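> Attaching a single structure in structure tokens format; questions to follow.
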């Protein structure tokens, strides 16, 4: 689990600049198309806001690591419980236990983890958009 969390931190750190550029490009479609492509968008962000702009929302994206961690912990618990509910025959457990337990356990684990951690996604986009912009409206304050 620790290595998974460490990998999540590394992945979030490395990919956050891509998410900043992606979010700006998506929002650029609403206005007068300030950016021609991702490279020009990144260059404009660098020139206007500096390299620190690419770390916007990074802290809250670290909270996203909790979704995967929670999902795997729940999956293990649910699949173990569901396997214990299968028929007592060892042969039946081997034949049917895996297919019977994997799908519902993974579905339920993903549902709960997503519902528990979804607000961090909204806050992440909000932070990318508002940090560093004085008097910028925040969607979380409405």
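> For residue 102, indicate whether it is in contact with a helix residue (DSSP H, G or I) (Cβ under 8 Å, 6 or more places away or on another chain), modelled with pLDDT under 85, surrounded by fewer than 18 Cβ atoms within 10 Å (Cβ to Cβ) and closer than 30 Å to residue 28 by Cβ.
Criteria not met by residue 102.
> Need pairs with beta-carbon distance below 7 Å; first residue farther than 12 Å from residue 13 by Cα and within segment 47-67, second surrounded by fewer than 19 Cβ atoms within 10 Å (Cβ to Cβ) and modelled with pLDDT of 90 or more; sequence gap 6+ or separate chains.
Close Cβ pairs satisfying both conditions: none exist.
> For a quick check of your reading: which helices (runs of 4 or more DSSP H) sit entirely within segment 1-86 and have at least 2 residues that are crowded, with 17+ Cβ neighbours inside 10 Å and modelled with pLDDT of 85 or more?
2-28, 38-49, 65-85
The values are calculated or read from the model by the stated rules, or taken from the named source; none is laboratory data. Bear in mind the structure is a predicted one, so any value in this text is a computation, not a measurement. For neighbour counting, all protein chains shown are included, and Cβ atoms are generated from backbone atoms with ideal geometry for every residue, glycine included.
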